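The values are calculated or read from the model by the stated rules, or taken from the named source; none is laboratory data. This structure is a prediction, so every number in the text was calculated from the model and none was measured. Here Cβ is always computed from backbone atoms with ideal geometry, including for glycine, and neighbour counts include all displayed protein chains. These accessible areas exclude ligands, DNA and RNA; they are computed on the full protein's heavy atoms, side chains included. Shrake-Rupley method; radii C 1.70, N 1.55, O 1.52, S 1.80 Å.
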Number of protein chains: 2
Amino acid sequence: MVDMSSPTPPVAPAPRRSDATRNAILTAARERFAADGYERATIRAIARDAGIDPSMVMRYYGSKEGLFAAVLDVDLRLPGMQGVDPREVGEVLVSHFLDLWEENREVLTAMVRVGTTNQTGAEGVRRIFRDQIVPLARQVCPDPEQAATRAALTASQIMGMALTRYVLRLPPTVALSREEIVKWLGPTVQRYLTAPYPTPYPG
Amino acid sequence: MVDMSSPTPPVAPAPRRSDATRNAILTAARERFAADGYERATIRAIARDAGIDPSMVMRYYGSKEGLFAAVLDVDLRLPGMQGVDPREVGEVLVSHFLDLWEENREVLTAMVRVGTTNQTGAEGVRRIFRDQIVPLARQVCPDPEQAATRAALTASQIMGMALTRYVLRLPPTVALSREEIVKWLGPTVQRYLTAPYPTPYPG
DNA sequence: GGCATAAGCCAACAGGTGTTGACCAACAGT
DNA sequence: ACTGTTGGTCAACACCTGTTGGCTTATGCC
C-alpha cells in the first residue's frame, strides 16, 4: 500500500538494492496512466520515462496489470470524524478530498480514468470505496444500516466533481475556487451523510 | 445529429442505398465503445458485429475518430423548463436524466467511458454541456450570469451518479431505486440551480 | 580474490492495430 | 444492352503492443 504521507513507508519489509528503480517505474507509471489511460500508457513509454528497459517493468511487476494494480494501491488517509462538529462533517470532508486531489492528482486521476475503462480499475475503485469510504460513513451516520448507501451518495458527488473538474475539465468547474466548492458541495455531502431521510430541505 | 426520439431523422438529407449498413455500423460502434472504451473497441470487432468488412467503416466514417465523433453526436432532448413549478425543477431534471440513461445506456456510457480517456471524447462532453445543459440552466437560474456555474454543479452531481451507478457499478448506487435517487438528488440539483448562493440550508 | 546473485540491457517473437488500394458485384440511367 | 457509379470484399502494409530469454555487468559475501 502506498502511504502518500511519508516518502518512505513506515515499515520497510526488505530494503532491496533495486528500490530506486522500482520507485522510478511506479512514479512514471502513475503519470502515464493518469495522462493517457490504461491502454495508451505503454510499458515502453513508462520505461523510457523511468530511464530503464521495458523488461525491468516485467521483472518487477510481472505484467502490465500487475504494475497497474500497484499504482492503484492507494491510501486516502481519511481522517477520523470523532472530533469534528457533526454539523461540519460535510465541509470537512469535501475540504479533505480537495486537498487530497491537489496533492495526488496523478494517482486519483489515473484511478478515475482507468476505473472507467478497465475491469481491474473498476474493481480497485470499488475496493477503495468499500474499505475506506464506507467505514468513515459508519462513524457519522445516524443509522449504521444506511452507511453504505450514504457513503455511495457522497462518493457520487465527490467523484462527480473530480470527474468534471480534473478529468473532463468543464470550464466552469475548473474556474471554481476551493472555497466555492466547499460552500456548494459541503451541505450536499452533509445532507447525504446525516439527514434523517430524503427531504427537500434538511434541518 | 442522432435524434433518439424517432427511428428516422425528421429531415432525411439524401436517402442512400447504404443507409442500412451505415446504421448497422453506428449501432455496433455504440455498443462496442460503451462496453470496451475507445482503444479496446477495435474497428475489426465493430465491423464483425455489423456483419461487414472493416474497410467499410473507413469508407463511411473516414477513420476511427470519425466514427467515434458520429457516435458522440447526441441529442439529450432536454425538455423546456417553462411550465415546471420552479420548486420542482430539481426532481424533474434528475428524473429526466434517469429516463435518458436507461433508454440510451450505450451512448451515454460510451460518452463517459471515452470522455475520460480520449481527447476527442472529452471535447464531445464539453460541447454537449455547453450547448444543451447550460442553456437549460439559463431558463431556471435567478441570475443568468451564474448559469454556467450552476449548470456545472448540476452536471457534477448527475454525471457522478452516472459514473458510480452505470460505469463503476458501486453496489449501493446500483441498488438504489429510481424513486430513492430522485428523492436524494432532486433537492441537491434544486439547490445548485436556484438557491440564492451557497448556504448550508437553502430556503 | 572468487563467486553466487541481483540488476540491467538487447534483440526478438507473436499477435493485433488502423488504414489502404486493388478488385468484384449489383444497381441505375440512358 | 451498355456503362458509370455505388456497395462491398480481400489481402496486404507498416506499425506498435506485451512479453520472453539470453546476455553482460555490478554488487555483496566468504
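Looking at B:Thr149, B:Thr173, B:Thr154, can you tell me which residue is hydroxyl-bearing (Ser, Thr, Tyr), part of a helix (DSSP H, G or I) and in contact (Cβ under 8 Å) with a residue 60 or more places away in the chain? So that I can check it myself, show each step before the final result.
Working: B:Thr149 fails: in contact (Cβ under 8 Å) with a residue 60 or more places away in the chain; B:Thr173 fails: in contact (Cβ under 8 Å) with a residue 60 or more places away in the chain.
Only one candidate passes the filter, namely B:Thr154.
With respect to the numbered conditions (1) under 19 Å from B:Trp184 (Cα atoms); (2) without any contact (Cβ under 8 Å) to a residue 60 or more places away in the chain, which one is the sole condition not fulfilled by A:Gly90?
Unmet for A:Gly90, out of (1) under 19 Å from B:Trp184 (Cα atoms); (2) without any contact (Cβ under 8 Å) to a residue 60 or more places away in the chain: (2).
When only residues in the range A:66-88 that are within 19 Å of the chain's Cα centre (by Cα) and either within 14 Å of chain B (Cβ to nearest Cβ) or surrounded by 19 or more Cβ atoms within 10 Å (Cβ to Cβ) (or both) count, which is farthest from DNA strand C (Cβ to nearest atom)?
Per the criteria, the residue is A:Val74.
Would a scan of the range B:31-53 turn up a residue that is touching a Leu at 6+ places or on another chain (Cβ under 8 Å), of a type in the set (Ser, Thr, Tyr) and within 16 Å of DNA strand D (Cβ to nearest atom)?
No, every residue in the range B:31-53 fails to be touching a Leu at 6+ places or on another chain (Cβ under 8 Å), of a type in the set (Ser, Thr, Tyr) and within 16 Å of DNA strand D (Cβ to nearest atom).
For the range B:176-186, which positions are surrounded by fewer than 20 Cβ atoms within 10 Å (Cβ to Cβ), in a helix (DSSP H, G or I) and more than 8 Å from chain A (Cβ to nearest Cβ)?
Passing the criteria: B:Arg178, B:Glu179.
Is it the case that A:Val140 is among the hydrophobic types (A, V, I, L, M, F, W, C) and over 30 Å from A:Glu65 (Cβ atoms)? It would help to see each step written out before you state the result.
Details: among the hydrophobic types (A, V, I, L, M, F, W, C): yes; over 30 Å from A:Glu65 (Cβ atoms): yes.
Against the criterion (among the hydrophobic types (A, V, I, L, M, F, W, C) and over 30 Å from A:Glu65 (Cβ atoms)), A:Val140 qualifies.
So, in the range A:15-29, exactly how many residues are more than 11 Å from DNA strand C (Cβ to nearest atom) and open to solvent by less than 40 Å² (accessible area, probe 1.4 Å)? Even if it seems obvious, please write down each step before you answer.
Just the residues of the range A:15-29 that are more than 11 Å from DNA strand C (Cβ to nearest atom), to begin with: A:26-29.
Remaining after also requiring open to solvent by less than 40 Å² (accessible area, probe 1.4 Å): A:26, A:28-29.
Counting residues in the range A:15-29 that are more than 11 Å from DNA strand C (Cβ to nearest atom) and open to solvent by less than 40 Å² (accessible area, probe 1.4 Å) gives 3.
May I ask you to verify whether B:Ala151 is within 16 Å of the chain's Cα centre (by Cα), buried (at least 22 other Cβ atoms within 10 Å of the Cβ) and more than 29 Å from A:Tyr38 (Cβ to Cβ)?
The answer is yes for B:Ala151.
Which fully enclosed helices (runs of 4 or more DSSP H) of the range B:15-121 have 2 or more residues being basic (Lys, Arg) and at pLDDT 95 or above? Can you show your working first?
Values: elements: B:19-40, B:43-50, B:54-61, B:64-72, B:89-103, B:105-115.
Of the helices (runs of 4 or more DSSP H) lying wholly inside the range B:15-121, those with at least 2 residues that are basic (Lys, Arg) and at pLDDT 95 or above span B:19-40, B:43-50.
Within the range A:94-124, how many residues are in contact (Cβ under 8 Å) with a residue 60 or more places away in the chain and away from every other protein chain (no Cβ under 14 Å)?
Number of matching residues: 5.
Looking at (1) within 11 Å of chain B (Cβ to nearest Cβ); (2) open to solvent by less than 10 Å² (accessible area, probe 1.4 Å); (3) more than 23 Å from B:Leu176 (Cα to Cα), which is the only condition A:Glu91 fails?
The single condition A:Glu91 does not satisfy is (2).
Taking the condition under 18 Å from the mean Cα position of the chain (by Cα) and surrounded by fewer than 18 Cβ atoms within 10 Å (Cβ to Cβ), does A:Arg40 pass?
Numbers: under 18 Å from the mean Cα position of the chain (by Cα): no; surrounded by fewer than 18 Cβ atoms within 10 Å (Cβ to Cβ): yes.
Here the answer is no, as A:Arg40 does not meet what is asked.
Looking at the range A:22-41 only, could you name the residues that are within 14 Å of chain B (Cβ to nearest Cβ) and within 17 Å of A:Arg105 (Cβ to Cβ)?
Start the filter on the range A:22-41 by keeping residues that are within 14 Å of chain B (Cβ to nearest Cβ), which leaves A:32-41.
The answer is A:Arg32, A:Phe33, A:Ala34, A:Ala35, A:Asp36, A:Gly37, A:Ala41.
Which residues, taken from the range B:54-65, are more than 12 Å from DNA strand D (Cβ to nearest atom) and either of a type outside the set (Phe, Trp, Tyr) or within 14 Å of another protein chain (Cβ to nearest Cβ) (or both)? Steps first, please.
Here is the first cut: in the range B:54-65, the residues more than 12 Å from DNA strand D (Cβ to nearest atom) are B:61-65.
Those that are more than 12 Å from DNA strand D (Cβ to nearest atom) and either of a type outside the set (Phe, Trp, Tyr) or within 14 Å of another protein chain (Cβ to nearest Cβ) (or both): B:Gly62, B:Ser63, B:Lys64, B:Glu65.
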